[in-house]
Amino acid sequence: MVTQNIDGLHQMAGSKTVYELHGSSLRWPCMECGKVYPMEYALQEENKPIPHCTECGGVVRPGVVLYEEGLDDTVVENAVRVISKADTLIVGGTSLVVYPAVGMIKYFRGENLVIINKTETKADEWAQLVIRDPIGQTLKAAVNSLYKADEL
Ligand SMILES: [Zn+2]
């Protein structure tokens with residue numbers, strides 16, 4: 001799973017390997033020593049308005065990539081690696097205008113590119129299948145049809 005989401009919902013839904021291109025709002029690293037705190041730490045009343053590290057006193061910030069900040073090289077390399085090895089790539093819920101998602105598709109060498117998005121994307125012309133519906137609705141219908149097939 002390669003995602004631009006920062007909310008950790010893919011992991012909560014059961015995805016085991018998730019490359020979060022824009023980081024995670026659930027992990028808050030110290031800007032000095034790198035110690036990582038859970039979001040709950042930053043939200044505690046005694047840590048407001050700016051949470052500090054218990055180890056070094058540095059500022060603890062959300063582990064997300066803010067505008068004009070670079071992406072984590074390791075995350076990008078891993079995302080490119082899994083995309084380049086996939087035989088099927090399902091791209092969902094993105095218009096593919098936000099960097100770097102659109103550039104990552106060019107690393108895909110597999111057979112089946114599937115685009116699921118409400119609106120047209122730049123990658124539609126390369127796809128074997130384009131579904132022009134919301135990703136949540138589409139995947140829910142796909143899962144429901146799998147369960148129905150099991151009952152037969
Ligand atoms: Zn620290």
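Out of region 103-123, which residues are in contact with a Lys or Arg (Cβ under 9 Å, 6 or more places away or on another chain) and either of a type outside the set (Gly, Ala, Ser) or assigned to a helix (DSSP H, G or I) (or both)?
Within region 103-123, Ile105, Tyr107, Arg109, Ile115, Ile116, Asn117, Lys118, Thr119, Glu120 meet the criteria.
Any idea how many residues of region 6-54 are of a type in the set (Val, Ile, Thr), more than 18 Å from Thr74 (Cβ to Cβ) and surrounded by 11 or more Cβ atoms within 10 Å (Cβ to Cβ)?
Number of matching residues: 1.
Step by step: first the residues of region 71-109, then only those that are touching a residue at least 24 places away in the same chain (Cβ under 8 Å) and among the polar types (S, T, N, Q), then the one that is nearest to Ile6 (Cα to Cα). Which residue is that?
Taking the candidates together, the pick is Thr94.
Would you confirm, using the coordinates I've provided, whether Gly110 is within 16 Å of the ligand (Cβ to nearest atom) and modelled with pLDDT of 95 or more?
Taking the combined requirement at face value, the residue does not satisfy it.
Could you go through region 79-102 and let me know if any residue there is in contact with a Ser or Thr (Cβ under 6 Å, 6 or more places away or on another chain) and either assigned to a helix (DSSP H, G or I) or within 16 Å of the ligand (Cβ to nearest atom) (or both).
Yes, that holds for at least one residue.
Residue by residue through region 52-70, note down the ones that are within 14 Å of the ligand (Cβ to nearest atom) and free of Cβ contacts under 8 Å to residues at least 24 places away in the same chain.
His52, Cys53, Thr54
Looking at Thr3, Thr88, which one is touching a strand residue (DSSP E or B) at 6+ places or on another chain (Cβ under 9 Å) and crowded, with 16+ Cβ neighbours inside 10 Å?
It is Thr3.
Looking only at region 11-51, filter to residues that are touching a Cys at 6+ places or on another chain (Cβ under 8 Å) and farther than 26 Å from Pro100 by Cα; which one of those is farthest from the ligand (Cβ to nearest atom)?
For region 11-51, the residue satisfying everything is Tyr37.
The values are calculated or read from the model by the stated rules, or taken from the named source; none is laboratory data. In this text, all values refer to a predicted model and were calculated from it rather than measured experimentally. Glycine also receives a Cβ, built like all others from the backbone with ideal geometry; neighbour counts cover every protein chain displayed.
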